[in-house]
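What follows is a short report on a single structure.
The values are calculated or read from the model by the stated rules, or taken from the named source; none is laboratory data. For clarity, every value in this text was computed on a predicted model and none was experimentally measured. For neighbour counting, all protein chains shown are included, and Cβ atoms are generated from backbone atoms with ideal geometry for every residue, glycine included. To get the accessible areas, we keep the full protein, side chains included, count just its heavy atoms, and leave off ligands, DNA and RNA. Shrake-Rupley method; radii C 1.70, N 1.55, O 1.52, S 1.80 Å.
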There are 2 protein chains.
Amino acid sequence: MSTMSHTTEESVGLRERKKRATRLSLQAAAVELIREHGPDSVTVEDICAQAEVSPRTFFNYFTCKEEVLAPWSREALERIPEAIAQRPAEERPPTAAHRVFDVLLDHTMRSEIWREQIMLLREHPVLAYRTMSNTRALELCLAEGLGRRTGLGEEDTYVKLVAATAMAALRVTIQSWQESPDDTDPRTLLENNFARIESGLRSPD
Amino acid sequence: MSTMSHTTEESVGLRERKKRATRLSLQAAAVELIREHGPDSVTVEDICAQAEVSPRTFFNYFTCKEEVLAPWSREALERIPEAIAQRPAEERPPTAAHRVFDVLLDHTMRSEIWREQIMLLREHPVLAYRTMSNTRALELCLAEGLGRRTGLGEEDTYVKLVAATAMAALRVTIQSWQESPDDTDPRTLLENNFARIESGLRSPD
DNA sequence: TGTATTTTTACAGTGTCTGCACAAAAAATG
DNA sequence: CATTTTTTGTGCAGACACTGTAAAAATACA
C-alpha cells in the first residue's frame, strides 16, 4: 500500500487502485469471517461491515456470495490462452497444459489469500459448487489456447477432452497437496498426475 | 402407470409410489416450464402450481431450486460402486469405469425426462452449477468402487485421478452427443474418448 | 475551478430457502 | 375394524440473497 515503486503498472490510476483494494478487502473479510464462524452463519452484510462497504457494493464486485472465494483471478485467466498457444511447437497438448499449470500454480501460490480460499473451498464443499463458474472459466481458457495451438479450434472434441482432463489433474493435485506436509511442492504432485495421464492411466505397480 | 406386472419391485408400498410420483411430477413441471419460459422467469411457486403441490413440499424433495434438474438418480448412483467392483478382474480401472458408464448411459437414456434435463443444463449453464453436487456424487461413487476394486481405497490419488478423468470423459461425451445427429449412439462417442485417454491423449492424426 | 464520468450508497422489492407447528395420509398394531 | 404410530404434506413467519433504480460521492479531466 505505502510503497509503490514496484507495482506491475506504474500508470494505474487512483480509481483502479481503490477498486483493487476494495475487492481484496472483501475477499480478506470473507475468508477471515468464514474461517472463524463457518460459511452458514456469515452473511453478506457481515462481510461488508468488516470491509467497510455497503452491501450493495458487494454485488457490484461479485455475482454471488460465494464468488468472493473464487481462486483464479481474472488477470490470471486472461493470460492462459496466449500462454498455451506460445508453448514450444514440439510439446504435445497435455504437456503444454501441464507447463502452463506449473506457471499458474507458481504464480497464484504466492498469494496468501489463495491458500486460505482453497482451504475453505475444500473444508466446505457447498462453497465450491458456487465457484464452479470460475473453475469452468479456467477450462474454457485452456480449451481456447489448445484450440489455437492445434489448429482444431476450441469446439473440437479432442481439444475439449484434453482441457477437461487437465482440469481433473489440477483438481486432484490441489486436493492431495492440501493433505500433504506443508513443504510439499504442488508441482511435483502435478508432475506425477500428468505423467499418469500421459501413460494412459495404467495401474501403479 | 396402468400396467403393473413388470415393475422392478412388486412389494413397493403406496407411500413410496406416491413419493416417486410427486418427485417425477415436480421434475416434469420444471422441465416444461423452464423450456417454455426460460430459467429466470420460472419460480418455485410456478413449478409447484403446475405439479399441484405446495411450495414447501418442493424443498422436502430438493435442496435447491436447480436440483430438480439433477440428471443422475439416487438409485442409479447407489448401484455404481458395486458395479465397478464386480467388473472382471483383468479390466484396468479406466476400462471398468468405461463399462459402467456404458450401462449407466444405456439405462438413463431411456428416460424421456433425462434428455430434457441434460438439454436444459447445456442451454443454461447457470443451472448446471447448482446441480454440481449431483455430478460430484457420481464421481465419489466411482472413486468408492475403484477404491474397493484396486484395494487402494477411495482416498488414493491414483483412484481419485481415474475417477476425475472418467468424469471428464463422460462430460465431454454428453456434450458432443447433444451436438450430434439424433441417431448418434453416445456409447460410440464414449468409446472414442476413453480410447484417447487410455492412449495418453496423443494428438489425433 | 467546473464539468463529465465512474463508483458507492440507500431503498424498495422479489424470490429462495428454513424452522416449526399442525393437519392429513398411510402403515402398523391389537 | 378401531387404535396408535409413523411418515408426509401444508401454512406461516422470517432470514437472507440478489436486483433495479436513482441520488450522492469520488475521481478524472479540461
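So that you can scan it fast, the table gives a plain yes or no per residue for (1) modelled with pLDDT of 95 or more; (2) over 17 Å from the mean Cα position of the chain (by Cα):
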site	(1), (2)
B:Glu144	yes, no
B:Gly151	yes, yes
B:Thr157	yes, yes
B:Gln178	no, no
B:Ile197	yes, yes
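Scanning region B:55-88 for residues that are among the small types (Gly, Ala, Ser) and modelled with pLDDT under 95, which turns out nearest to DNA strand C (Cβ to nearest atom)? Give the steps one after another, and end with the answer.
The initial filter retains those residues of region B:55-88 that are among the small types (Gly, Ala, Ser), namely B:70, B:73, B:76, B:83, B:85.
Among the residues that remain, those that are also modelled with pLDDT under 95 are: B:73, B:76.
Values: B:Ser73: 19, B:Ala76: 23 Å.
Looking at the filtered set, the residue picked out is B:Ser73.
Residue-by-condition table, conditions (1) of a type outside the set (Phe, Trp, Tyr); (2) over 26 Å from B:Gln117 (Cβ atoms):
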| site | (1), (2) |
| --- | --- |
| B:Glu154 | yes, yes |
| B:Thr157 | yes, yes |
| B:Ala166 | yes, no |
| B:Ser176 | yes, no |
| B:Phe194 | no, no |
Query raised in the report: Which residue pairs have Cβ atoms under 6 Å apart, sit 6 or more places apart or on different chains, and have a first residue in region A:140-159 that is assigned by TED's automatic domain parsing to the domain that holds A:Glu91 and a second that is in a loop (DSSP other than H, G, I, E, B)?
Result: A:Ala143/A:Glu154; A:Glu144/A:Glu154; A:Gly147/A:Gly153; A:Gly147/A:Glu154; A:Tyr158/B:Pro204; A:Val159/A:Leu152
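Just give me the residues in region B:27-67 being of a type in the set (S, T, N, Q) and within 11 Å of DNA strand D (Cβ to nearest atom), in sequence order.
As a first pass, look at region B:27-67 and keep what is of a type in the set (S, T, N, Q): B:27, B:41, B:43, B:50, B:54, B:57, B:60, B:63.
Scanning region B:27-67 gives B:Ser54, B:Thr57, B:Asn60.
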**Report entry** Some residue of region A:32-46 being more than 18 Å from A:Arg74 (Cβ to Cβ), modelled with pLDDT under 95 and part of a helix (DSSP H, G or I)
**Finding:** no
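Does B:Arg130 count as within 16 Å of DNA strand D (Cβ to nearest atom), more than 30 Å from A:Asp205 (Cα to Cα), in the same structural domain as B:Gln178 (by TED's automatic domain parsing) and not hydrophobic (A, V, I, L, M, F, W, C)? I'd like the intermediate steps shown before the answer.
Values: within 16 Å of DNA strand D (Cβ to nearest atom): yes; more than 30 Å from A:Asp205 (Cα to Cα): yes; in the same structural domain as B:Gln178 (by TED's automatic domain parsing): yes; not hydrophobic (A, V, I, L, M, F, W, C): yes.
Yes; evaluated as a whole, the condition is true for this residue.
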Query raised in the report: Does B:Thr188 satisfy the criteria of being assigned by TED's automatic domain parsing to the domain that holds B:Thr135, touching a helix residue (DSSP H, G or I) at 6+ places or on another chain (Cβ under 6 Å) and not aromatic (Phe, Trp, Tyr)?
Result: no
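Could you tell me how many of the residues in region A:54-75 are of a type in the set (Val, Ile, Thr) and within 22 Å of A:Leu140 (Cα to Cα)?
Counting residues in region A:54-75 that are of a type in the set (Val, Ile, Thr) and within 22 Å of A:Leu140 (Cα to Cα) gives 2.
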Query raised in the report: Scanning region A:170-198 for residues that are in contact (Cβ under 8 Å) with a residue 60 or more places away in the chain and farther than 14 Å from A:Ala97 by Cβ, which turns out most open to solvent (accessible area, probe 1.4 Å)?
Result: A:Gln178
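Quickly run through region B:48-77 and pick out the residues that are among the hydroxyl-bearing types (Ser, Thr, Tyr) and open to solvent by 60 Å² or more (accessible area, probe 1.4 Å).
Of all residues in region B:48-77, those among the hydroxyl-bearing types (Ser, Thr, Tyr) come to B:54, B:57, B:61, B:63, B:73.
The one that is among the hydroxyl-bearing types (Ser, Thr, Tyr) and open to solvent by 60 Å² or more (accessible area, probe 1.4 Å): B:Thr63.
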Report summary line: Residue pairs qualifying under the 6 Å Cβ cut-off, at least six apart or on distinct chains, with the first in region B:62-87 being without any contact (Cβ under 8 Å) to a residue 60 or more places away in the chain and under 18 Å from B:Val31 (Cβ atoms) and the second being open to solvent by 10 Å² or more (accessible area, probe 1.4 Å) and in a helix (DSSP H, G or I), are B:Val68/B:Gln27
Query raised in the report: Which number in (1) within 8 Å of DNA strand D (Cβ to nearest atom); (2) out of contact with any Pro (no Cβ under 8 Å at 6 or more places or on another chain); (3) open to solvent by less than 80 Å² (accessible area, probe 1.4 Å) marks the one condition that A:Arg15 misses?
Result: (3)
